[in-house]
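Here the structure is laid out as structure tokens; the discussion comes afterwards.
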Amino acid sequence: MTDVRNISATVSPSAAAGGHTLARPPRQSNFELLRIVAMFLVLVLHADFLSLGVPEAKDFAAAPANAWTRTFFEMMAICAVNVFVMISGWFGIRATLRGGLRFLFQACFFYFGIYGVMLLTGGAEMTAKNLLECMKMDWFTIAYLTLFIISPVLNAFARQATVRQFAGVLAAFFLLQTLYGCTELNDQFNRGYSAISFAGIYLLARFMSLHRRRFFRFGLLVYLACLLAKALIFWALSGSEDYNRWALYYINPLVILQAAALVAFVSTVKMPVIRIINRIAASAYAVYLLHINDFILVKYFKSNVVQLYNQYSGVECIGLILMFLVVVFCAGILVDQVRILLWNAVSVWLPALFRKSSRKPKPAPATE
């Protein structure tokens with residue numbers, strides 16, 4: 001998840017091929033399609049274990065088909081957040097003040113806009129607590145905004161480091177994160193819900209983009225292998241409340257590898273520029289902001305998923321839930337078009353300092 005493409009220019013602004021400059025070439029529709037898929041997988045993620053609960057050992061014993069189906073959907077989708085961040089890392093964030101303001105404008109539009117609608121319809125009260133909740137926003141928005149701010153430092157390191165230095169930093173980071181984060185000996189990494197974890201994933205994607213390898217062609221097979229391995233691990237640990245959720249951590253090495261494999265595979269897929277895909281992808285982040293909102297998530301999103309799950313079964317249940325997720329996705333994209341119109345109107349009045357200058361810089365005077 002720019003002019004009209006909010007999250008594309010902020011969540012994954014593009015870099016020139018080779019990564020030495022962060023100019024903005026035409027957006028690649030293969031990655032924009034991946035962004036759309038990743039956001040839909042986030043919906044799947046939230047409709048599965050988050051809404052319906054995590055299957056336990058007794059569920060695998062009593063209704064194995066149900067438990068395994070839900071587990072495979074979860075393991076298929078759990079890498080989506082990392083994929084979203086890795087798309088940013090693949091191209092390199094072009095951190096500008098205008099881009100940061102556009103990102104915040106989108107978040108505020110949804111948080112305060114949904115709160116305003118709830119006030120008008122009697123679904124919420126005007127309280128200081130509710131206003132504070134809007135200002136707090138969600139973990140992803142704050143973590144990504146932090147990544148956005150520090151991205152120039154990460155980009156500079158990626159440009160200047162040798163392959164050996166870069167690989168060494170990545171190996172040390174992920175070793176530390178796995179040893180302390182996955183075992184929860186230290187909560188700095190917070191299961192991957194943190195800016196520091198985003199920074200590591202971002203750098204991994206930069207490394208992949210700058211130092212591509214032939215094994216990228218096997219990305220899809222690696223993705224599927226990780227999916228199967230995680231499902232088996234989750235099932236094997238399902239009898240332990242303390243450890244079975246380790247398979248669901250964003251910092252799980254298999255989850256990270258799965259995301260990297262999917263990004264690597266998509267990088268080998270050649271597609272022409274398809275405007276409709278690029279335009280939808282530009283508003284993909286809006287889908288997240290819409291359904292994750294506190295006023296929406298429990299009362300409307302989770303409740304509808306649970307209702308469909310309880311009333312139907314088998315393929316019919318899966319089909320209806322997926323149709324509901326498509327409706328939510330489309331609603332987010334459509335609502336974001338209003339945000340785009342507002343941003344285009346508001347940005348005209350931004351100080352000239354914040355605008356993208358159309359004039360080329362004057363060459364420096366010659367010196368003798």
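The values are calculated or read from the model by the stated rules, or taken from the named source; none is laboratory data. Just so it is clear, the model here is predicted, and its values are computed rather than measured. Reconstructed Cβ throughout: ideal geometry from the backbone, glycine too, with neighbour counts over all protein chains shown. All accessible areas refer to the heavy atoms of the entire protein, side chains included, with ligands and DNA or RNA removed. Shrake-Rupley method; radii C 1.70, N 1.55, O 1.52, S 1.80 Å.
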Original post:
When the Cα atoms of the chain are enclosed in a convex hull and the volume is divided per residue, what value in Å³ results?
Top reply: 177
**OP:** Give me the percent of Cα-Cα pairs in segment 304-348 that sit more than 14 Å apart, rounded to a whole number.
**Re:** 61
Original post:
Given the protein chains as shown and a 1.4 Å probe, how many square angstrom of residue 212 are accessible, to the nearest 10?
Top reply: 130
Original post:
Could you give the Stokes-Einstein D for segment 20-152 in µm² per second, using the C-alpha Kirkwood radius, 4 °C, 1.567 mPa s?
Top reply: 72
Original post:
How big is the C-alpha Rg of segment 161-263 next to the rule-of-thumb value 2.2 N^0.38 Å, as a ratio?
Top reply: 1.12
Subject >> Spacing of the two label points (7 Å from each Cα toward its C-beta) at residue 213 and residue 183, in nm >> reply: 2.6
Subject >> Inter-site label distance for residue 50 and residue 310 at 7 Å from Cα along Cβ, in nm >> reply: 2.1
Original post:
If the viscosity is 1.002 mPa s and the temperature 20 °C, what translational diffusion coefficient in µm²/s does Stokes-Einstein give for segment 100-159 when Rh comes from Kirkwood over Cα pairs?
Top reply: 162
Subject >> Distance-filtered residues of segment 167-188 - backbone nitrogen under 18 Å, label point 7 angstrom along residue 240 Cα→Cβ >> reply: 178-186
**OP:** Can you check how the C-alpha radius of gyration of segment 91-195 compares to 2.2 N^0.38 Å, as a plain ratio?
**Re:** 1.46
Original post:
How big, on average over all directions, is the shadow cast by the Cα convex hull of segment 220-271, in nm²?
Top reply: 3.7
